[in-house]
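Notes for the one structure printed next.
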2 protein chains.
Amino acid sequence: MFADVVLRGDFLGVRHDPAQPQRRPAPRPDLRLRNVPLGPVAVFGASNFPLAFSVAGGDTAAALAAGCPVVVKAHSAHPGTAELVGRALQAASIKCNMPRGTFSMLHGSGRIVGHKLVTDRRIKAAAFTGSRVGGGALMELAAKRPEPIPVYAEMSSLNPVILFPHALRTRGEQIAQAFVTSLLMGVGQFCTSPGILFAVNGPDLAAFLGHARSILEGQRAGTMLSRSIVSAYRAGVQRLMESDAACHVAQGLPASGPCGGQAHLFTTSLDAFITQPLLREEVFGSSSIVVQCPDVKSILEAMKTLEGQLTAGLHFDDDDTADVRPFIGVLETKVGRILANGFGTGVEVTHAMVHGGGFPSTSDGRSTSVGSLAINRFLRPVSYQDLPDSVLAPELRDANPWNLSRRIDGRLYSNP
Amino acid sequence: MFADVVLRGDFLGVRHDPAQPQRRPAPRPDLRLRNVPLGPVAVFGASNFPLAFSVAGGDTAAALAAGCPVVVKAHSAHPGTAELVGRALQAASIKCNMPRGTFSMLHGSGRIVGHKLVTDRRIKAAAFTGSRVGGGALMELAAKRPEPIPVYAEMSSLNPVILFPHALRTRGEQIAQAFVTSLLMGVGQFCTSPGILFAVNGPDLAAFLGHARSILEGQRAGTMLSRSIVSAYRAGVQRLMESDAACHVAQGLPASGPCGGQAHLFTTSLDAFITQPLLREEVFGSSSIVVQCPDVKSILEAMKTLEGQLTAGLHFDDDDTADVRPFIGVLETKVGRILANGFGTGVEVTHAMVHGGGFPSTSDGRSTSVGSLAINRFLRPVSYQDLPDSVLAPELRDANPWNLSRRIDGRLYSNP
């Protein structure tokens, strides 16, 4: 995808306001603008996606596409995979005659190597996928540098799902099946795993919970990615089990082995969800809480109290439309992606994808870590005033040798 | 300008990746994207531009254009002007039937009112033009919030000017005239005032200094904007006078009154500039330092040591072109605007303007505070998956009722 993006060149964002030498009281200079790369980027490999979000993941691809050299800090949970992928990237960069240093990789502790990397004055941005504590530490380090740098940290998300009344009544069983499938996907180790569901309490929700329970109880979870992930998951489930605020209603079959996962389903009341911070903490793995709400309006109010989220899933039928509309406006202030009649676990790598959202789902909700728009996070605009063609980059010259889309005097001309 | 930008709607950045129900192994969902406003923005009025960078300045205009309500913290240096402009804005917002709260303004101390404003959980971004200390304090407050928010602080800039050998030889007197005019403009209270000049030492530079000196000595400065600005300016000049590192070579005629300005010109060696931090501090007012360098190559090396800058001005003739080219690549990593044969003091409000740059010229070099691109700083993208027209905003519907430019499957289609 980024090959197309780079070749098309729209990411350069070229603009030109031609000189107006006759303008009164003062002539207008010639002004041209393009985006330039931020500089070397530190990419922190994620533990939960040894391929898609790690050494050769979206951030590395987006940074290289933007023209930024990349230094990866390999995640200690999969050093061998990181090494294999890192060597492949380095071989490719040599084969393509890229400048030395286009790609490099470091192993080691996050506290030592990661700290050194994000505070190195040559690094101009950092990208991270992981825990709220880890991301918060990077944000703090980056902010305290003599020259603060942007940090794109993707940290935690409950990914609220709302079941609207008509859909719950007419398609409860089907939604329960899709929900359990999504919850079990990757043993719940997707950033977009459905951690919390909201629905109006009553017989339709009871039937949904019955379906979900019977499906879940027949599902065996897989092996989780690392001992630290599985122990954090089990501790999170244990806290919910011990809490008066949540009711444990179902569990799946346990996977064997030290890193075996097991799915869990809880219910709670809306009051408890609003007042108990424990219920708003991400439990990274196949655990989810169904919030039993008095009515749709109270669900809308609950949405206003949520922190930032990567996704929100709305399950609704035509007859729910009037109920759904006000949710869009509220969720837009929090989430990166709003989806209808689906679960967010699948993340398409396309042009209209946003894998981002308000804090703490990400540290910087102004961008995405997945999809072609991710290139923007590693760019900044520069303006060129009255520079002759002899020193201008080709993309800025009048002749437009690269046949780029350009904005001239504010008007957009797309390339043919 | 923003009226055109809003009506054209390109800032919405609409993207659509249509569904591919036949795709294997899994169908592709329908994905649409648009930019939404960040939410309420706190704008801190600047002391140095009671109109252009204050209550109804660029940040307020850009935030309103993006759809963000604005709360202005009026600058205490011009409360009356702020009040007049604020009332005009409020009257306009009522006349246009804008929602209540679209625009509001607070007076009071930065430490109390400003602090409360930037830490209020309803505020989603802050924009500031002022001192490095003030901007740094806002950045720290914003980073420590439970939900950190973006801060766009424009703080300090030396705005380096480089005089290349041929231009210096052939047009030294003319450049000296333009330099002094720029230095005196607004009594040096432009963020883009030329604070530092670099040139190769020798007879041409001596002649240039002679011209600058004789022009400057005939120029009477104006009255500066406030007592705090004039006292900071005088203290800065005093520090340079007392330093062994700088040589005081000229001064203009003093303006009368307690806030009277007076222009000053210093010289220094490149060695001193590199080693003495005092010479790299912005002196906000009509003071400038000429750095006498051994050769062009050493100027290029000096550029690599600079912090971020709003502008860099290059004075060159055709015969200097080969010398100029490597400067572009270095300056692009630091500055927001590179200009040829001019001074940065004039800032055009157009589409291709960048009034921004690396830290500390701004806290976030990924955007601009002047020009139509400024709207981007108050926007974030949201993705909509499989949502039917019945709940989609008009700009996202297939029929494209607003006739917007859109990117479909990555390809840009500009509106006619």
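Values for this structure:
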item	result
Surface/4 of the Cα convex hull for the stretch B:294-413, nm²	11.1
Choice from B:I123, B:I338, B:I94 showing the highest fluctuation, given a GNM over chain B with Cα pairs closer than 10 Å	B:I94
Cα→Cβ-extended label distance, 7 Å offset, between B:N97 and B:H115, nm	4.3
FRET efficiency, 1/(1 + (r/R0)^6) with R0 41 Å, evaluated for B:E217 and B:A52 via beta carbons	0.85
Alpha-carbon centroids, the stretch A:184-247 and the stretch A:127-167: separation in whole Å	22
With Cα atoms, 0 to 90° folded angle of helix A:165-184 axis to chain A main axis	70
Ranked list, fewest to most other Cβ atoms within 10 Å of each Cβ, for B:M155, B:M98, A:M185	B:M98, A:M185, B:M155
Cβ neighbours within 10 Å from other chains - mean over A:404-413	4
Equivalent ellipsoid, the stretch A:198-314 (semi-axes from 5 times Cα gyration tensor eigenvalues, Å)	25, 17, 12
Total charge dipole magnitude, the stretch A:1-149, about the Cα centre, Cβ charges on Lys, Arg, Asp, Glu only, Debye to nearest 20	480
Debye log10 I(q)/I(0) at q = 0.19, 0.23 Å⁻¹ for the stretch B:1-124, Cα point scatterers	-1.04, -1.34
Residue order, fewest to most beta carbons within 10 Å, for A:L392, A:L205	A:L392, A:L205
Translational D in µm²/s for the stretch A:155-194 (Stokes-Einstein at 20 °C, 1.002 mPa s, Kirkwood Rh from C-alpha pairs)	194
Chain lengthening between B:E281 and B:E140 when straightened (0.36 nm per residue, less Cα-Cα)	48.6 nm
Likely footprinting exposure, B:E282, A:E173, fewest C-beta neighbours within 10 Å first	A:E173, B:E282
Per-residue mean of C-beta atoms belonging to partner chains within 10 Å, peptide B:330-339	5
Separation between Cα centres of the stretch A:251-297 and the stretch A:46-125, rounded to whole Å	34
Candidates A:L265, A:L278, A:L216, ranked by Gaussian network fluctuation over chain A, Cα under 10 Å, top entry	A:L278
Inter-site label distance for B:S390 and B:E173 at 7 Å from Cα along Cβ, in nm	8.0
Only Lys, Arg (+1) and Asp, Glu (-1) charged, at Cβ; chain A dipole about Cα centre in debye	1640
Ellipticity estimate at 222 nm from DSSP helix runs (n ≥ 4, -39,500 (n - 2.57)) divided over chain A, nearest 500	-9500 deg cm²/dmol
For chain B, built as a Gaussian network whose Cα springs stay under 10 Å, the top-fluctuating residue of B:V347, B:V72, B:V133	B:V133
For the stretch B:328-388, the Rg and Dmax computed from alpha carbons only, in angstrom	15.3, 55
Convex hull (Cα only) mean projected area of the stretch B:118-226, reported in nm² to one decimal	9.1
Förster radius 35 Å - calculated FRET efficiency between A:A88 and B:T321, Cβ distance, rounded to 0.05	0.25
Dimensions (Å) - the stretch A:47-177, Cα atoms, principal axes, largest first	60, 38, 27
Tail weight of P(r) past 41 Å, computed on alpha-carbon pairs of chain B, percent	25
Copy-to-copy label separations for A:K304, where each label sits 7 Å from Cα toward Cβ, in nm and ascending	5.6
Pair A:I274, B:L253: separation of 7 Å Cα→Cβ label points (nm)	7.2
Point-charge dipole on Cβ atoms (K/R +1, D/E -1) for the protein assembly as shown, about Cα centre, debye to 20	420
Two-site FRET efficiency, A:W402 against A:R24, from Cβ-Cβ distance with R₀ of 22 Å, rounded to 0.05	0.05
Positive-end residue of A:M353, A:L339, A:S372, charge dipole of the stretch A:305-380 with Cβ unit charges	A:S372
Global form of the protein assembly as shown, assessed from the alpha-carbon gyration tensor, a/c cut-off 1.5	prolate
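Computed from the coordinates by the stated procedures, all read-outs in this text should not be read as laboratory data. Just so it is clear, the model here is predicted, and its values are computed rather than measured. Reconstructed Cβ throughout: ideal geometry from the backbone, glycine too, with neighbour counts over all protein chains shown.
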